[in-house]
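Nothing in this text is a laboratory measurement; each read-out follows from the coordinates by a stated rule. From a predicted model like this one, the values you see are computed outputs, not experimental measurements. Glycine also receives a Cβ, built like all others from the backbone with ideal geometry; neighbour counts cover every protein chain displayed.
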C-alpha cells in the first residue's frame, strides 16, 4: 500500500489531519510495521493562492485562456523549464511547482518572480511588490522577504 497523508506532530505522535489521512491510517492493521517518509511541506495556502491569482486573471478577461495555460505561460517566460533529449530530439517541458517538487524557499522565489511577471506584463501594475504583499497578507499577515531573513 502506497499512500500520501497529512499528519501533525503533537507530543510524541502524529495525528491525521483530514478524512483521507484518517482512512489511510485506519487501513493499517494494529501492530503492522510500515515505512514512513516524513516531508514538511511549504505552506499549502501559497500554492492555492498562486492558483487563485491565476484564476482571477483568467476570469477577468485580462488573459485569453484558462489558469492552466497562464501557469504554463508564466513558467515558460520565467525559464522554469527542463529539457530532455529522446533519440536526439530535444523536448522542453515546464517544471512542476507541486508540493513534492519544490520546497518553501524555491517556491517563494518562484512566487515572487511570477507575481512580478503577472503585474508588469499581464495586468500592467508597476507596483508589483504592493500587489504581492497584499496577496501574501491574506495568508500569513506580513510578507517576509527571504533577503530580510538572510540578513538577520
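Computed on the Cα atoms alone, the convex hull of segment 3-62 gives a volume of 117 cubic angstrom per residue. Remark: the Cα gyration tensor places segment 77-138 in the oblate category, a/c being 1.5 or greater and a/b not exceeding b/c. Annotation: for a label point projected 7 angstrom from Cα along Cα→Cβ of residue 51, residues of segment 66-96 with backbone N closer than 19 Å are 66-76, 94-96. Rg over Rh for segment 44-151 works out to 1.00, both radii taken from alpha-carbon positions and Rh defined as the Kirkwood radius.
Listed peptides 49-56, 8-15, 26-33, 127-134 appear in the order 49-56, 127-134, 8-15, 26-33 once ranked by packing, highest mean of other Cβ atoms within 10 Å at the front.
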